[in-house]
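Written out below as structure tokens is the structure these notes cover.
Nothing in this text is a laboratory measurement; each read-out follows from the coordinates by a stated rule. Owing to the predicted nature of the structure, the values given are computational and were not obtained by experimental measurement. Note that each Cβ is placed from the backbone with ideal geometry, even for glycine, and that neighbours are counted across all protein chains shown.
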Amino acid sequence: MKPEIIDAIAPVYEPLIAAPTARLDTPTTNSHSESQPSPSVNTCASPKPKKPLFNTKYKLQHTDLHRNSVLTHGTNEQDRMVAQHYLLRTAFRGEFLAPIQSALKKGCIVLDMGCGPGTWTMEMSTAFPRSTFIGFDLENVYPHDIKPKNCHFRTCDLTILPLPLPDNSVDFIFQRDMNWYLKAHMWLPLLKEYLRILKPGGWIELVEPDLQTQCSGTMELLMNDKLIRAFSLRQQDPSSARRLASLLAISGFRRVESDFQSFPLGWGWLHQSHRINDSPPCSSDHDITVVGTHRSEFVRAVASQYMFLLKSLKPWLSRFMSMTDEKYDAYIEALPAEWAQMQTYTNWHCATAQKPCQTYLYHTP
Ligand SMILES: C[S@@+](CC[C@H](N)C(=O)[O-])C[C@H]1O[C@@H](n2cnc3c(N)ncnc32)[C@H](O)[C@@H]1O
């Protein structure tokens, strides 16, 4: 019997795979798409797959990743992810940076890898009703009943490769905030797998926070150093966010672009640009565009969001810092004053890239 994930996704994929130039007329698309032209939106032609549609050898398995997770799992963590989505959307001025807007409007296939509560998937499927969105996560914390017709969620472990998805079948892959779960050595195989799944000319977008805070005072520095050290001891890369572009380039993607946005931890004002110079002086003369006179709700929310992250990390990080729960709580409660004084901030990085239109075969002599 085919695994559940394959059964569920087959109807979504099959019309597109069987006839790449035909309209995407799936059971889940809304009636508006009936009269629409081809969903095959890439400028490069998608070759018809010669292999079987799905990897039927795949078996769904759950690793013990979550038992070892550094983040606490539960409702608070899901709420934190939802709030984080809206902060990121505000800072990056939209849900995505990849140049895929017109394809999304016409109708294409999009995957949200490690979708969590599915906020990005839900927002995007509402904004682009002609496209089909599928969110994958190890845990089924995503919405089950109330969701747009073109929005699907499936359980899948992204660390078990190959993924049960056909070659050259997807237009856009989005993955955000997965570094908490991926060991350093997992990044390249996973990106190569995404390269396989994407159609020629398809786009990928990766978004990750830099674990290292900037302009940190003594207390933040100590905590941040411990976090980074503990993370590295788990064979996880605390600086993946800064290496997204090179990871994509090494994996075989082209037209790689990267951007970042800075998130002041509770200080500053409402401004149009959240970008702070890459290596600013740790003083009040940061190169930050300040517009308006009110302390921004945005920066308040950023500080509160970061505080929730530290709370989520508590069971793991307090052990590493040899602190009791009470001592850890008192320690993090004292941080906001120091963040404001030092003008501490964090950076989120985003990298976009395209799968080459042509696959080159390299022959060694
Ligand atoms: C920090 S959350 C980010 C959620 C979402 N991408 C967002 O930005 O709101 C990371 C998600 O990755 C999921 N995850 C962790 N390990 C995974 C794996 N091996 N396969 C699939 N999902 C995984 C977790 O369950 C969690 O929902």
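The figures follow:
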quantity: Flagged links, alpha-carbon separation over 23 Å, of Lys106/Lys355; Lys105/Lys199; Lys147/Lys183; Lys147/Lys355; Lys192/Lys314; calculated: Lys147/Lys183; Lys147/Lys355; Lys192/Lys314
quantity: Neighbourhood net charge (12 Å Cβ-Cβ; Lys/Arg +1, Asp/Glu -1) for Phe308; calculated: +1
